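Everything below concerns the one structure shown next.
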Amino acid sequence: MRVIAGRVGGRLLRAPRGRDTTRPTSDRVKEAIFSMLDTVQDARVLDLFAGTGALGIEALSRGAKRAVFVERDRAALEALSANLGALSLQASEAEVRRGEALSALRSARKHSETYDLVLIDPPYRRASDLGGELSLALAPLLTPQARVVVESDRRAPLELPWEIEKERCYGDTTITIHCHR
């Protein structure tokens, strides 16, 4: 697994051993996501269910201003921290928050945070159950024209209420980009 493009393009990323808790986004899917997005320049990014941080790191490498990574799994957090350190990403541009996604969203709302781009890659087995709660918690955090990228299993997708801008399938993985208006 590596960073595809941008200022740290080509650098390798660490992932926890095994695939019980973290399923890293493949390079092919990651490349497709950022091709579909076109640009992330100066975006404030929220990477939910961040795992190794591959999606948020890719956004930073391609010009995003700041990324907040939310993850609860200890092994994934260790890999994420190691990846940020190895890439010399500063605390001002990359912040890691340990905890559940919904709790992190409630906290972000209390602090009046807003995001231009949200990357959501939940555990596939939970994705179809999260749509309603995530939609309610995310809505106040989205800037006008914010994009929400969802990576989920095509057989049990995470569905959100916002307009679908683009959608593609790669094997069993569906990438959906929603536009918040």
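Overview of results
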item: Where only alpha carbons of the chain are counted, the Rg and the Dmax (Å); result: 14.6, 40
item: Among 65, 110, 30, residue whose mean-square fluctuation peaks in a GNM of the chain (springs only between Cα atoms under 10 Å); result: 110
item: Cα lying deepest toward the dipole's positive end in the chain, options 16, 136, 176, charges on Cβ; result: 16
item: Convex hull volume per residue in cubic angstrom - Cα atoms of the stretch 16-71; result: 73
item: The stretch 44-181 - accessible surface per residue (Å², probe 1.4 Å); result: 43
item: Rg [Å, one decimal], Dmax [Å, integer] - the stretch 1-96, C-alpha atoms; result: 12.0, 34
item: Accessible area of the chain belonging to carbon and sulfur atoms, whole % at 1.4 Å probe; result: 45
item: Virtual spin-label span in nm between residue 12 and residue 72, 7 Å along Cα→Cβ; result: 3.2
item: Relative contact order [Cα under 8 Å, 6+ residues apart], the stretch 32-181, whole percent; result: 20
item: Stretch gain in nm, segment residue 181-residue 163, where the contour uses 0.36 nm per residue and the Cα spacing is subtracted; result: 5.7 nm
item: Dipole magnitude of the chain about its Cα centre (Cβ charges: Lys, Arg +1; Asp, Glu -1), debye to nearest 20; result: 360
item: For the stretch 68-168, the fraction of alpha-carbon pairs in successive 10 Å shells from zero, as %; result: 13, 44, 35, 8
item: Cβ-derived FRET efficiency at R0 41 Å, residue 110 paired with residue 36, nearest 0.05; result: 0.80
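The values are calculated or read from the model by the stated rules, or taken from the named source; none is laboratory data. Just so it is clear, the model here is predicted, and its values are computed rather than measured. Quick reminder, even Gly has a Cβ in these numbers, built from the backbone with ideal geometry, and neighbours come from all protein chains shown. Note: accessible area is taken over every heavy atom of the protein model, side chains too, but ligands, DNA and RNA are not part of it. Shrake-Rupley method; radii C 1.70, N 1.55, O 1.52, S 1.80 Å.
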